[in-house]
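What follows is a short report on a single structure.
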Amino acid sequence: MIKKLLLVLIAVVSASAGFAQKIQSPDEFLGYKLGDQFTPHYRIVDYFKYVASASKNVKLQQFGTTNEGRPLLAMFIASDENIGRLEEIRHNNLRLAGIESGTAIANAPVITWLSYNVHGNEPASSEAAMWTLFDFVDPANTATKAWLKNSVVVIDPCLNPDGRDRYVHFYNSVRGAVPDANPTSREHVEPWPGGRVNHYYFDLNRDWAWQSQKETQARVSLFNQWLPEVHVDYHEQGYNAPYYFAPAAEPYHKDITQWQRDFQVTIGKNNAKYFDQNGWMYFTKQEFDLLYPSYGDTYPLYNGSIGMTYEQGGISAGLAVLTRSGDTLTFAQRISHHHTTGLSTVEITSANAQKVLDEFKKFYDNSRTNPPGEYKTYVIKNDNNNNINALAKMLGRNGIHYGFGLTNRAITGYDYFTGKTEQYNVGLNDLVINAYQPKAVLLNVLLEPKTFIADSNTYDITAWALPYAYGLKAYGVKESLKPANTTWSIAKPQSLTNSHAYAYVAKWQSVNDVKFLASLLKKHIKVRYSEKPFEAAGKKFTAGSLLITRAGNDRADFDRVVTQTATDLDEELIPLSSGFVDKGADLGSDAIRYIRQPRVMLIAGDGVNSEAMGEVWHLFEQQIGYPITLVKYQDLGRTRLSDFDVAVFPDGRYDDFPSDKLQGWIRDGGKLIAIDNAVALLADKKDFGLKKKEEKKEDKEKADAKEKETIKVYADRDRDAIRSMIPGAIFKLNLDNTHPLGFGLPNYYYSLKMNDDIYDYLGEDGWNVGTIKKNSYVSGFAGAQSKQKINNGLLLGVQSMGRGSVIYMVDDPLFRSFWENGKLLFSNAVFMVGQ
């Protein structure tokens, strides 16, 4: 009897143990089959939390939150032997890279990182992430168990939760009882701004290196704590396209190693094996290149990984769509394709684990001992503390080591701004970056003055050298020089206590200075600026310097508010005891202009480029902390314009432009800032003094005659098109920095051009602030026709109109928020021009 009871008890315990190991699939947990409907982000989070509680082979980490408060998650998956030693594995990987000291352990697992749904309206991959996770924790799946013996898998289920939910909520709100596959159905047409972008309408897949967005900052920080050997970035493309996986298209950056190229082919062939078995269509080596450094494939590549993009056809496809070929593409099919490449990638990486680890180590060994690129030391001149500080922080976020000053101060190097080899004496607080370090490849990619482009038919911008973006003079030195100090010798500005100044002066040369001004204006402190340079208290001050005078600020807390604000923002204040200056205009002269607190309107909505609009929105809310009102373009007709002093029109297509209404507002003192295509819209309109620069008649006739003589070849049509194309190239402008639009900047400005738009000089009622001459091209690809066109014209201008003004900014000065020097230029347009 006792024996029978024991047998029953053992059976019950065994059954309970078996039941405990049973983990629900996504279908079971969600209550519907993957592909039957879109899963909102919170339910994806619920499933990952459920698996974390049900499986002993995973560790779930929340590493941040989005702007809208949604969690950012990473799931680490490992074998029974490795799950308890994840920290040891992480540190070992950093030792392989030489980032941490010590001897690496033998037979360490390889790390494969799968990142899903960076564009919110490409939703299939987050669903696939749940299915892929289940396959790795399913006790019955012997294949994944075998791969985990020498692998750690990391799944980031959704890089852009805010954008995903924007798309999912849209679709679920308009879908019918059954999916409508007709492409013209409203469920296939997203409303503005679409789900692709994050809360501030930034494309997070262009932000890996710049890290302007909080999601990217959190994610790249985690990425750099691990440095996986393989990284896949999951996307969708237009629904008429099949599936794309690596190997990538040309151009490849020249610093991508042969091994990184070859193993992409190995992975691609393994993916192809499964797609061939299922009869699924796919392509490789087309469209998606490996050049621009801020993608989810290139950034890992420049950090030693095998970085890849996988693209499933499916944008705007909803749950089902009829494709051009007459087939119906379903959401379930899209999920299945992404699920397949995820497993295939882990499988082939596991099969080559030791070779992958060896090559990863070799990449970093070479970086430290034989860094790529012509220059082995970069010296950035510190003539702008705040911009140097911003650049140093950006380098630090990317794990790039730097220091300040040199023991032997005289160097000979390539001058970025003159294009010549010149001598320079390095200052104690100049930024010095030695290339012999683990992140040498990324360093070279970000700082090389000219990027070599093997194939000019590229997917994104082709120039981004940081000295131009930050407006900082730089030198490339061919010898290895170590910085003298790890920190700069500039102390924080001293707090002013018990001060009772006649006036305070602050610099105007960076975004931090703009933030200081914005903070004072919000606190109702009246601020002025000097229209001309002056000298006082033994110091020189440039045009645009901020003046906070006691006159006009008749309040008991004046000194405390001004000095405390300066202390909070690390802003240097110079107190003046008198309005009588040593040289220049006294503080009561007409050269001292009062800055009226501007009420700013930003145009948004249908027709507006959401990413361009988001750059302005983010600058105001997150960088300078100044209020801004977003107004839909469609509501402009019923908007009381007198409630605003400044109207910003970002890049966009503005149908039925209310020219008469806006001109009346401008004449009454309003200020219109037009950017990019908004400038083209105003060109040749009545009373707007801007005209597009036309090609000379004789030049056009010659070009037309030559084109007629040339017999076009159909296969060359893409190549022919790029002759008049500029996919992001740098040009040098001559800048009139005596005009308020140029305050705080030198007499030149480096602009990132995305097209070949150029305009005739403004007439008597305008100021040609940023002009371009012949041979102004600096870096990046510009088609021959476009390069020839961009000369002797206007790119930055200010037109007076009644009591107001129109500011023309032909190129986007805030591009992706990494073009740091453009932020001051744009702030001049908002706060300085027209005062």
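The values are calculated or read from the model by the stated rules, or taken from the named source; none is laboratory data. Everything quoted here is computed from the prediction, not taken from an experiment. When we count neighbours, we look across all protein chains shown, and the Cβ atoms used for this are built from the backbone with ideal geometry, even at glycine. We work out accessible area using only protein heavy atoms, side chains counted, and drop any ligands, DNA or RNA first. Shrake-Rupley method; radii C 1.70, N 1.55, O 1.52, S 1.80 Å.
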Average accessible area per residue (Å²) across the chain - probe 1.4 Å, nucleic acids and ligands excluded: 41 Å²
Reachable lysines, given that their alpha-carbon falls under 19 Å from the alpha-carbon of Lys355 and they are not under 8 places away in the same chain: Lys149, Lys269
Farthest toward positive dipole pole in the chain [+1 Lys/Arg, -1 Asp/Glu at C-beta], among Gln286, Ser336, Phe136: Phe136
Cα-centre dipole for the chain with unit charges at Cβ (Lys and Arg positive, Asp and Glu negative), debye to 20: 1260 debye
Heavy-atom accessible surface of segment 554-688: percent carbon and sulfur, 1.4 Å: 42 percent
Arg261 paired with Lys583, simple spin-label distance in nm, labels 7 Å along Cα-to-beta-carbon: 5.8 nm
Spatially proximal lysines relative to Lys686 (Cα-Cα < 17 Å; intrachain offsets below 8 disregarded): Lys661
Ordering of 205-214, 562-571, 682-691 by packing [mean C-beta count within 10 Å, highest first]: 205-214, 562-571, 682-691
Cα lying deepest toward the dipole's positive end in the chain, options Gly35, Gln62, Asn485, charges on Cβ: Asn485
Under the span-like rule (Cα at least 27 Å along the axis, Kyte-Doolittle mean at least 0.5), DSSP H helices of the chain: 2-21
Kirkwood-Stokes translational diffusion coefficient of segment 146-297, alpha-carbon pairs, 25 °C, 0.890 mPa s, µm²/s: 135 µm²/s
The chain: antiparallel DSSP beta bridges as a percent of all, rounded to 5: 65 percent
Fraction of accessible area attributable to carbon and sulfur, segment 79-215 (%, probe 1.4 Å): 52 percent
Answer label, with volume of the Cα convex hull per residue in Å³ calculated from the coordinates and candidates (1) 272; (2) 215; (3) 179: (2)
Partners for Lys439 among lysines (Cα-Cα distance below 20 Å; same-chain residues under 8 apart left out): Lys254, Lys361, Lys362, Lys376, Lys393, Lys450, Lys478, Lys482
Estimated Rh, segment 590-700: Kirkwood, alpha-carbon pairs, angstrom: 15.4 Å
Stretchable slack from Glu100 to Asp765, in nm (0.36 nm times residue separation minus alpha-carbon distance): 233.2 nm
Shape category assigned to segment 429-515 from the gyration tensor of Cα positions, a/c cut at 1.5: oblate
Residue-averaged [θ]222 nm for the chain, counting only DSSP H segments that reach four residues, each worth -39500 (n - 2.57): -9500 deg cm²/dmol
Dipole magnitude (debye, nearest 20) for segment 125-214, charges at Cβ of Lys, Arg, Asp, Glu: 120 debye
Rounded accessible area of Glu422 (nearest 10 Å², 1.4 Å probe): 60 Å²
Of all accessible heavy-atom area on segment 267-399, the percent that carbon and sulfur account for (1.4 Å): 47 percent
Charge context of Ser817, other residues only, Cβ under 13 angstrom, K/R +1, D/E -1: -3
Charge dipole magnitude, Cβ of K and R +1, D and E -1 - segment 207-321, Cα centre, debye nearest 20: 160 debye
